[in-house]
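Take a look at the structure below.
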Amino acid sequence: MTAVTTTTTTTAPAPPAAVEEEEHQVRRRRRLSPGRRLPATRLAGPLLVLLLWAAASAAGRLDPGAIPAPWTVVETGVRLWTDGTLANDVLTSLRRAGAGFAIGLTGGIVLALASGLSRTGEALIDGSVQLNRAVPTLGLIPLFILWLGIGETFKIAIIAIVVYIPIYLNTHSALSGIDHRFVELAEVQGLSRFAFVRQVVVPGALPGFFVGLRLGVTGSWLGLVVLEQINATSGLGYMMFQAQNYGQTDVILVGLVVYGLFGLVSDTAVRAIERRVLSWRRTLSS
């Protein structure tokens, strides 16, 4: 009989110096990262400003006629909302901003795709958009009033221009930055034009598109502030313009706070959608 002998091999423990070096490397890598995302961090800055404002008002450091106290602004806002003035102006502003944003969003996406996926489209579109970008959009107001009248149409048109430019620029830049190796791989795989757009173009352009979308959302509110002070009979900008004539700084601050809340909420919503859609990406912010 032949005796069969089995040998077991055991892994020797790593030297303490090697373990300490590995832990040191891990700690050093962790220090390079911003760390975990803290909840509600974007509210820290506004809350700090609010606390400083309230403290300065309570200490008598601010002139109530120039900068009313936060509680005075809240009381004015509640009064305007109760009598229906603020609610009506908010709805009017939302309709104007929504209509202009929808038109600008659609135009920006269509133009970016036509320019980014075709040399002919790029030759016909990109130069015109770059020229439009160089012209101050609010400087077009007198011309648009002559073309479209002084009613609602020119306001919506200006907002659409303010929105489509950043969406086009960032989406077109993302399309131009797609690695050509992906295009070659799609050609080798025999993808159709539709499949190429769905599987390569859209995922590659989404990060840039969301950057442009955030800028477009903010731009719609910025343009609305100015446009609602031109021959308007309702809206937040009209309310602030009337308050300026009567020296009502508390009403002006109510309008500014509402505009700020609109911008913050809309930007937060876009960021949430971006994180959901681009959950496959691993970035510093994620």
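The values are calculated or read from the model by the stated rules, or taken from the named source; none is laboratory data. If you're wondering where the values come from, they're calculated on a predicted model, not measured in any experiment. We place every Cβ from the backbone using ideal geometry, glycine too, and count neighbours over all the protein chains shown. Ligands, DNA and RNA are stripped out before the accessible areas are found, and what is left, the full protein with its side chains, is counted by its heavy atoms. Shrake-Rupley method; radii C 1.70, N 1.55, O 1.52, S 1.80 Å.
Among residues that are in contact with a helix residue (DSSP H, G or I) (Cβ under 8 Å, 6 or more places away or on another chain), closer than 21 Å to Arg119 by Cβ and buried (at least 17 other Cβ atoms within 10 Å of the Cβ), Ala157 is not included. Scanning the stretch 67-80 for residues that are more than 23 Å from Gly235 (Cα to Cα) and open to solvent by less than 60 Å² (accessible area, probe 1.4 Å) returns a single hit, Ala69. I'm trying to understand the selection: among the residues of the stretch 228-261, which are at pLDDT 90 or above and either hydroxyl-bearing (Ser, Thr, Tyr) or within 30 Å of Ala114 (Cα to Cα) (or both)? Correct list: Tyr238, Thr249, Tyr259.
Confirm whether Ile165 is touching a residue at least 40 places away in the same chain (Cβ under 8 Å) and open to solvent by 50 Å² or more (accessible area, probe 1.4 Å).
When the stated conditions are applied, Ile165 does not pass them.
Are any residues in the stretch 233-272 among the hydrophobic types (A, V, I, L, M, F, W, C) and without any contact (Cβ under 8 Å) to a residue 40 or more places away in the chain, and if so, which ones? Outline the logic, then answer.
Residues of the stretch 233-272 that are among the hydrophobic types (A, V, I, L, M, F, W, C), as a first pass: 236, 239-241, 243, 251-254, 256-258, 261-262, 264-265, 269-270, 272.
Selection gives Met240, Phe241, Ala243, Ile252, Leu256, Leu261, Val265, Ala269, Ala272.
Can you pull out the residues in the stretch 24-57 that are touching a helix residue (DSSP H, G or I) at 6+ places or on another chain (Cβ under 9 Å) and modelled with pLDDT of 70 or more? Within the stretch 24-57, Arg42, Leu43, Pro46, Leu50, Trp53, Ala54, Ser57 meet the criteria. Arg119 passes every criterion in (1) modelled with pLDDT under 90; (2) crowded, with 16+ Cβ neighbours inside 10 Å; (3) among the basic types (Lys, Arg) apart from (2). Annotation: Gly107 fulfils all but one of (1) open to solvent by 40 Å² or more (accessible area, probe 1.4 Å); (2) within 30 Å of Phe209 (Cβ to Cβ); the unmet one is (1).
Would you check if there is a residue in the stretch 138-153 being crowded, with 23+ Cβ neighbours inside 10 Å and at pLDDT 90 or above? Within the stretch 138-153, not a single residue is crowded, with 23+ Cβ neighbours inside 10 Å and at pLDDT 90 or above. What number of residues within the stretch 168-196 satisfy the criterion of being open to solvent by 60 Å² or more (accessible area, probe 1.4 Å), in a helix (DSSP H, G or I) and small (Gly, Ala, Ser)? Of the residues in that region, 2 qualify. So, Asp179, is that one out of contact with any Asp or Glu (no Cβ under 8 Å at 6 or more places or on another chain), at negative phi, charged (D, E, K, R) and modelled with pLDDT of 90 or more or not? Here the answer is no, as Asp179 does not meet what is asked.
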